[in-house]
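One structure is given below, encoded as C-alpha cells.
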Amino acid sequence: MYGENENNFIIIGSDPSFEWQRKPEKKKKKGGKIWKNIISLVLVAVISASATAGGLWYYDTYVREDFVPGSVVINQYKPDPMHTGTNKNEPTQGAVDDSSGSSDGSAGGVMAVPQIYDQTAASTVLFTCKSPVNSSFPSYGFPSFGGSQQQPQYSVSYGSGIIMSENGYIITNAHVVDGVSEMVVTLYDGREYTATLVGSDTNSDIAVVKIDESNLPAAKFGDSSTLKVGDEAYVVGNPLGADLAFTLTVGYVSSLEREVNIEDTLMTLMQIDAAVNPGNSGGSLADKNGYIVGVINAKIADENVEGIGFAIPINTALKVASDLIQHGYVASRPMLGVTVQSVTKEQAMIYNLEAGITVTEVQEGSCADKGGVKVGDKITHFNGVAVATGGELNFQKEKYSIGDTVTITVIRDGKSMDLSIVLSN
C-alpha cells in the first residue's frame, strides 16, 4: 500500500522475533543484518469464493470454466497429469493445451510478454482508500463559526487488487483495506466503483471486497505448486499509486518457500526479483502462461538490497478467499482457543520479564481447554517444534488440519508436561 507519507510504510526487523513497526519520518542509518528493514508492500493473495453461503469455487485437473448462477466461479488452470512434457507442442505445467501453437504470439500455451500484460492488466484494479485521521488537536487558523463541527480529516493510500470473478469479487491484501472508511476501485479501462469489504484475514494478509458489476474481466489463476526456481515472474500493479498505475515489471522466481515474520505472524512466501514498490500491494504475480500464481505482499527495502520481493502463493490465497466469501472467516483454519502473551528475548532484557509464550486465557470448550491447557502455562513446543513467540506458535499450528492430534509442551509449576490436543475450529 502506498500513502501520502512514508508513515504508511511498514518495516520488519529480522531477528527470529522481529515485529513490523511504523517507519520514522527521517530514515535512520541502517546497519547489522539486512533483514532489519523490510517494508511490507501491499499486494494480494488471489482469492476465490462464493456469493451465496455454500457457493462453489473450482479446482480441476486441467481447466474449469463453468458458470453456476448465484455462485462465484473462479477459473483456475491446473496441469493435466497426462501432459507434463516439455516439448513445445505439449502444454507446460499449468498451461492450456494448444498443441498447434497460437496465433497471438504464443506456442504451446506460453504467451508473449505483451499478451501476458494485456491479460493480467485487464483483471488488475487500483485501490484508492480513505482512512480517518483521529486527532484531538484543534484546527488552528480555521475557526468554526455558527456552531458547525470541524470536518473530519482523512489520509489517502493506494493499493492493487485482482478481479476474482465476473460478478465483482476482488482479492487484495488485508492491510490495504483494513481500517479504511472508503474504497474506490478503478478498473484498467477507467471505470470506477465504490467497493464494500466482504472479509479480511490478517494472518494470511488476504482480503476480499465486492463491487456491484457483472461481466468483468476475471483473472485466470494458475497452480502455484507447479512453480520452480527460475520460472519467469510478471508483476502488474500500481507502484506509488495512481500516477504509475498498471505498471509491468519482470523477473524470476528466486525461491519457493521463505519464512518471513510480519507483525509477529510468520508466513511462507515465494521470493521474486521483479521490482515491487509501495502501491503494488494486492497486485498480480503471473507466470509465462498469463495465469496468476501469487500475490505480492512484501519486499526488503534497504539501501544495500535490491530485487528481493515476496508473494503469497495463489493456492494459499484462493483457499483463504473461499472461506472469507462463504463464512466471513477462515473456517478451514484450526484454532486452539487460547489467548497468549508473547515476550521476545529483546523485550525480556529491556523490561526484566521472562521470555516466551504465556497463556492468559483459555476459551471454555475449546480444543485447548479439552486438552488440559491452563491459564499461566508457558508453551515451549508445538508438536515437538520449539516456539518462542505467538507468531511461531500460529505458524506451526497452521501446518495441521482440523481433526489432527498434536502435542503441546507446557511448563506448569516449574515442571514440563506434554498435552495431547485434537485440533478444531
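The numbers here are math on the coordinates, done by the rules we state, and not lab data. Computed from a prediction, not measured in an experiment: that's the story for all the values here. With ideal geometry, Cβ positions are generated from the backbone for all residues, glycine too; neighbour counts draw on all protein chains shown.
Residues Leu324, Leu423, Leu256, arranged from fewest to most other Cβ atoms within 10 angstrom of their Cβ, appear as Leu256, Leu423, Leu324. Stretching Asp404 away from Thr380 to a fully extended chain increases their span by 6.7 nm, per 0.36 nm per residue minus the current alpha-carbon distance. Counted by neighbouring Cβ atoms within 10 Å, the residues Thr196, Thr316, Thr124 run from fewest to most as Thr196, Thr316, Thr124.
Checking the a/c ratio against 1.5 first, then a/b against b/c, what shape does the Cα gyration tensor give for segment 378-417?
oblate
Amide H contacts under 5 Å for Gly283: Leu43, Val44, Ser160, Ile296, restricted to partners 5 or more places along the chain or on a different chain, H placed in the peptide plane at 1.01 Å from N.
Using a cut-off of 32 Å between Cα atoms, the listed pairs Lys78/Lys397; Lys228/Lys397; Lys288/Lys399; Lys130/Lys374; Lys78/Lys210 include Lys130/Lys374 as exceeding that distance.
Summarising the amide proton neighbourhood of Tyr77: residues at separation of 5 or more, or on other chains, whose placed amide H is nearer than 5 Å comprise Phe221, Gly222.
In this rough spin-label picture, where each label sits 7 Å from Cα along the Cβ direction, the Leu353-Arg258 distance is 2.9 nm.
Applying the Karplus relation 6.51 cos²θ - 1.76 cosθ + 1.60 with θ = phi - 60° to segment 220-227 yields 3J(HN,Hα) values of 9, 9, x, 10, 5, 6, 8, 5 Hz, where x marks Gly and Pro.
Under 5 Å between amide hydrogens, built in the peptide plane, is the criterion, and for Tyr252 it picks out Ala233, Asp273, Ala274 among residues at least 5 positions away or on other chains. Remark: segment 157-166, residue by residue, has Karplus-estimated 3J(HN,Hα) of 9, 10, x, 10, x, 10, 6, 8, 9, 4 Hz, where x stands for each Gly or Pro and the curve is 6.51 cos²θ - 1.76 cosθ + 1.60 at θ = phi - 60°. Once a ≥ b ≥ c are taken as the square roots of the eigenvalues of the Cα gyration tensor of segment 338-422, is the result rounded (a/c under 1.5), prolate (a/b larger than b/c) or oblate (a/b not larger than b/c)? Taking the square roots of the gyration eigenvalues as a ≥ b ≥ c, segment 338-422 is prolate. Taken one residue at a time, the phi angles of segment 113-127 give Karplus couplings (6.51, -1.76, 1.60, θ = phi - 60°) of 4, x, 5, 4, 5, 4, 5, 6, 5, 4, 9, 9, 10, 9, 9 Hz. Gly and Pro are set to x.
When both segment 354-425 and segment 260-337 are represented by their alpha-carbon centers, they are found 27 Å apart.
Taking other Cβ atoms within 10 Å as a rough exposure proxy, Ile296, Ile402, Ile312, Ile211 sort from fewest to most as Ile402, Ile211, Ile312, Ile296.
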